[in-house]
2 protein chains.
Amino acid sequence: MCQLLGMNCNVPTDIVFSFTGFALRGGRTDTHHDGWGIAFFEDAGVRLFVDHQAAVASPIAELIKNYPIKSKNVIAHIRKATQGVVALENCHPFVRELWGRYWVFAHNGDLKSFDPLLDGAFRPVGTTDSERAFCWLLQELRRRFGDTRPELAELRAALQPLVAHIASHGTFNLMLSDGSALFAHCSTSLHYIVRQFPFLTAKLSDEDLSVDFSQVTTPNDRVAVIVTQPLTDNETWTAFAPGELKLFVDGEPQ
Amino acid sequence: MCQLLGMNCNVPTDIVFSFTGFALRGGRTDTHHDGWGIAFFEDAGVRLFVDHQAAVASPIAELIKNYPIKSKNVIAHIRKATQGVVALENCHPFVRELWGRYWVFAHNGDLKSFDPLLDGAFRPVGTTDSERAFCWLLQELRRRFGDTRPELAELRAALQPLVAHIASHGTFNLMLSDGSALFAHCSTSLHYIVRQFPFLTAKLSDEDLSVDFSQVTTPNDRVAVIVTQPLTDNETWTAFAPGELKLFVDGEPQ
């Protein structure tokens, strides 16, 4: 099983604090050492960093911990290989373009016998069940909506049965974003928190590190953090219900 | 105008030496300071680094100069904006998936009135003429070959008239790779060198830095470097002819 981390905000925010705790799970405080990746949206553009080294040993993870890239939508993933060899092309997040937007996808779980018909518009490059599921999702969305990107509410309504269908093949915790919003679906384990005024001090569970968010935010900032297992031990995280698909916009669950 | 750098090798090779000289052109020895990017293939996987900061000022460029990522196919680009604002989504190289492979593309030049009909399979995310040309190229290749990737020779034959058509709209120096080979087309300026046994010492034109390649290679290594303007001043670079499309495989022009 892998671990997922997502962030959705109303203003571009850096993820250094959360990523620092999360990255430790890639080989130190947990056993997810078969690669990792993180994607940051900056408007419509994406920066994607993937590495097949464990996150704790990766110079690229080190860069991200020290270089505060600001983004309104971030998806990160630490991999414990269940299907597909340890190789760069099997590292999440995956990126494809649809409707003139980049879509970023990461998955935690394991799908059994999920081998849908892919018509060629989106094809996996690697060998994971996850990338196959992503390609199928985009194919079905394009089939449904043609060449025009629908409104978020419509998109969510269309995603729900598609995601439920995939989840019938196994565990399918996922995050998906086109830079304007973040979708998160829980099969087994996903938690979120919304940080907003008045901001408090948060303390990482995985390392002796605290941040007083009131010092680094303005009263209007709102940041949702979504993660497999809570990252801090002095805040209240909300667990997703199994089967729940949430849409986060401007740091708020809709 | 921008600058392009490509590398195609028969064994995974690091590009630290060439990138060091090339990156200096991004804001120090030349005026290409509107962002930069580099893509490394590792088998079918791609690492893409893009930044809208000048390459000389970018912490990510610093990482690449110090972290020898080994690759058989690399494409790098330093941008001097002619069309499209300075934004992450306008930084080259661009990546799309076709035939279950990632395709990486970068362009130097400026296209006038190139506004082809795009059927929706590949759509630009940013606003550059370059990304539009890339999307059209992939669309036409898919239209021609359907869902099956052709052999390289067939692909080259199909690319030649497509590239010539785009070049009729302006300057179209380009590099394109799916990780198995590298295509390079010259409108105005492109040079290449093949380094192979016996390896010699090369000295960068843009900085006082030399590498004795005989110390870091084996006799079987072969490395083609393709670039807008020669990077070293003690080696003989071959200029492309205008309109020439070359295919590099395993470090050799075909």
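The values are calculated or read from the model by the stated rules, or taken from the named source; none is laboratory data. Only a predicted model underlies this, so the values are computations on that prediction, with no experimental measurement involved. Cβ atoms come from the backbone with ideal geometry, glycine included; neighbour counts cover every protein chain shown.
Brief remarks on what is shown
- Taken over the stretch B:43-53, the criterion of being within 7 Å of another protein chain (Cβ to nearest Cβ) and either surrounded by 20 or more Cβ atoms within 10 Å (Cβ to Cβ) or touching a Phe, Trp or Tyr at 6+ places or on another chain (Cβ under 8 Å) (or both) is satisfied by B:44, B:45, B:47, B:48, B:50.
- Every test in (1) small (Gly, Ala, Ser); (2) within 20 Å of the chain's Cα centre (by Cα); (3) within 14 Å of another protein chain (Cβ to nearest Cβ) is passed by residue B:146 save one, and that test is (2).
- For the stretch A:59-99, a tally of residues being modelled with pLDDT under 80 and surrounded by 22 or more Cβ atoms within 10 Å (Cβ to Cβ) returns 1.
- Boolean, residue B:74 is among the β-branched types (Val, Ile, Thr) and not in a strand (DSSP E or B): no
- Taken together, A:212, A:250, A:208, A:221 contain a single residue that is out of contact with any Asp or Glu (no Cβ under 9 Å at 6 or more places or on another chain), of a type in the set (Asp, Glu) and farther than 19 Å from residue A:19 by Cβ, which is A:250.
- All conditions in (1) at positive phi; (2) surrounded by 21 or more Cβ atoms within 10 Å (Cβ to Cβ) hold for residue A:178, with the sole exception of (1).
- Residue B:79 being more than 10 Å from chain A (Cβ to nearest Cβ) and not small (Gly, Ala, Ser): yes
- Any strands (runs of 3 or more DSSP E) falling wholly within the stretch B:107-224 and containing at least 3 residues that are among the basic types (Lys, Arg) and under 22 Å from residue B:38 (Cβ atoms): none
- Reported count of residues in the stretch A:186-216, each being surrounded by fewer than 18 Cβ atoms within 10 Å (Cβ to Cβ), among the hydroxyl-bearing types (Ser, Thr, Tyr) and in contact (Cβ under 8 Å) with a residue 60 or more places away in the chain, is 2.
So that you can scan it fast, the table gives a plain yes or no per residue for (1) touching a residue at least 12 places away in the same chain (Cβ under 8 Å); (2) under 28 Å from residue B:136 (Cα atoms); (3) at the interface with chain B (Cβ under 10 Å from one of its Cβ atoms):
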| residue | (1), (2), (3) |
| --- | --- |
| A:59 | no, no, yes |
| A:67 | no, no, yes |
| A:86 | yes, no, no |
| A:94 | yes, yes, yes |
| A:106 | yes, no, no |
| A:117 | no, yes, no |
